[in-house]
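Notes follow the structure.
The values are calculated or read from the model by the stated rules, or taken from the named source; none is laboratory data. Everything quoted here is computed from the prediction, not taken from an experiment. Counting neighbours? That spans all protein chains shown, and the Cβs are built from the backbone with ideal geometry, glycine included.
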Amino acid sequence: MLTNLLPVILALSTLGAADAPLKPGTHLALRGTVAQLNADRTPGEARKSFDLSLWVVEATDSSTRLFWLVDERGQGAWPWSERFGDLSIPTSQVSSGEGAGKPAEDSPGAKPPADRSPADRGPALLYDYDEGQSVIPLAAPIWRAESLGADKPLAAGAQWSNSGWNYEVLGDQKIEGRDAWQIRMSNAYGPKRVLCVDKQSPLIVKSNERVFMNKGTEFDLETRLVAIEQMPGDQFDKLRATMSGLLAMRGKLNLPARTPEVQWSSEQTKLLAERLPEIEKTAADGPLARLIAAATRDVKLQSGRADEVAQLTTKYVGQSIGKFQVQGLAGGARDGLSDADLAGNVTVLHFWEYRDEPLTEPYGQVGYLEFLYQRRKDAGVRIVGVAVDGRLAEEASRRAATSSIRKLKSFMNLSYPLVLDSGALVKQLGDPRVVGATLPLFVVIGRDGKIAHYHVGYYGIDRERGLKELDAAVAAALEKK
């Protein structure tokens, strides 16, 4: 199940010089792996590896700004649009690293800085396993010192507690050529992390963290700091221009944060085709160049797919929906839906999996659909969620599929009805998966039984009106006599 976690909270500190902040152009390079633990609790073969790059963009008296970029290999990965971002860190979180402290990462009960909301993007991995996906947040390699009631420096055997975490300095060891303190972090559930903190600076040169996925399966997330460098001015200027261009472009795309699969609309595809060539001109060789190459390939692929979806739209809009009948969650026609039930109403059919696991983003769009339903139902608008699941076609798997749909309906507190479709109804109305696109599919049917609106993929979100484009299509259908 795709977890909804707080964003990673990154904290900055000095790097070997007391009270000297990181300079703009400083590059921190991390490398890591994710491996399932064996029965003896030793990590097995790593099925996922990654690189995390952090660049300091600005450092002022009030805050420090970072660009970040993740490059994943194995067991799934984010689309290119989720592999980069920026973060602003208040200076109040900057410290010299002396004495006891806690790592710069989110923890139970942690709150993001005042200038960030939980919806903000932070560096994270997307891990695919047999039954779904999980988000694994990544932390900066910085040890954030805070007042914990003791002003003594780190030393073997030191122990303290803070904010639900217990800390113990296990001893010292040499990591990546640096003398480091080994610190174990535990909470109410037991040991959680082991960090190796450089003795001469607040750098976390290595960390191992217990990560739980796939219904409690335990994994080891290992991260190492492999390089620190100060970029030459011209290279830093190019990087800043490239990242600024990418961030500005993504802002225009109005894409929900942490979306594991993206289907670009025609407007988004046009914007990408216009902006990417200009951004590419500023990109130097390296991870950013590879990111832009992936984006360019994606646009070319989806442009062809968008043309085929446009053909489906042209084919079905204006056509009669035809005869159909599907069952409801109770398993019969009584709470189901047929073409006769649509007479005299404007109906929105929302074809989607409606499965509680794996629950993929942006599943929250069904919440906006519920909002539209509450707003328009008194005007004669019906909204019906059509749960499309191939398991419904087989008696042996139908019960599990129906149970999953019920759980999702309860979790999202949906009042509009859900009906079941093993694939026949969505095929009748033009299954977009045939041309390589994905669900959801929104179909608006007018009072005359004809398709008035056909939309594949997610809508952009308007803060005031929610699914503004769909709402406009429903309003137009209501006005039509």
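Criterion applied to G322, G331, G364 was being touching a Gly at 6+ places or on another chain (Cβ under 9 Å), assigned by TED's automatic domain parsing to the domain that holds V419 and at pLDDT below 95, and the one residue passing it is G322. List the residue pairs whose Cβ atoms are under 7 Å apart, where the first residue sits in the range 304-318 and is of a type in the set (K, R), the second is surrounded by 15 or more Cβ atoms within 10 Å (Cβ to Cβ), and the two are 6 or more positions apart or on different chains. Close Cβ pairs (under 7 Å, with a partner that is surrounded by 15 or more Cβ atoms within 10 Å (Cβ to Cβ)) amount to R305/V435; R305/A437; K315/G430. Just one residue in the set A452, A437 is within 24 Å of A343 (Cα to Cα) and touching a residue at least 40 places away in the same chain (Cβ under 8 Å); that residue is A452. For the range 34-47, filtered to residues that are part of a strand (DSSP E or B) and under 13 Å from V211 (Cα atoms), the residue that is nearest to the chain's Cα centre (by Cα) is V34. The set of residues from the range 136-158 being at pLDDT 90 or above, surrounded by fewer than 18 Cβ atoms within 10 Å (Cβ to Cβ) and not aliphatic (A, V, I, L, M) comprises just one member, G157. Of all the listed residues (M213, M243), the sole one being surrounded by 17 or more Cβ atoms within 10 Å (Cβ to Cβ), in the same structural domain as V135 (by TED's automatic domain parsing) and not basic (K, R) is M213. Entry remark, the range 201-254: residues being part of a loop (DSSP other than H, G, I, E, B) and over 17 Å from V34 (Cβ atoms) number 5 in total. Within the set A387, A400, the sole residue that is surrounded by fewer than 17 Cβ atoms within 10 Å (Cβ to Cβ) and among the hydrophobic types (A, V, I, L, M, F, W, C) turns out to be A400. For the range 204-215, the count of residues that are among the acidic types (D, E) and at pLDDT 85 or above is at least one.
The rows are residues; the columns are (1) in contact with a strand residue (DSSP E or B) (Cβ under 7 Å, 6 or more places away or on another chain); (2) not aromatic (F, W, Y).
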site: L392; (1), (2): yes, yes
site: R399; (1), (2): no, yes
site: L408; (1), (2): no, yes
site: F411; (1), (2): no, no
site: V419; (1), (2): yes, yes
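Taken residue by residue, the range 75-97 has at least one member that is surrounded by 21 or more Cβ atoms within 10 Å (Cβ to Cβ), assigned to a strand (DSSP E or B) and at pLDDT 90 or above.
All told, T259 meets the bar of being touching a Ser or Thr at 6+ places or on another chain (Cβ under 8 Å), of a type outside the set (G, A, S) and either assigned by TED's automatic domain parsing to the domain that holds P358 or within 18 Å of P79 (Cα to Cα) (or both). You will find that of T313, T347, the residue that is of a type in the set (S, T, N, Q) and under 30 Å from R258 (Cα atoms) is T313 and no other. Condition check: closer than 17 Å to K427 by Cβ and either surrounded by 13 or more Cβ atoms within 10 Å (Cβ to Cβ) or among the hydroxyl-bearing types (S, T, Y) (or both). Does E370 satisfy that? Considered against the rule, which asks whether it is closer than 17 Å to K427 by Cβ and either surrounded by 13 or more Cβ atoms within 10 Å (Cβ to Cβ) or among the hydroxyl-bearing types (S, T, Y) (or both), E370 comes out as no.
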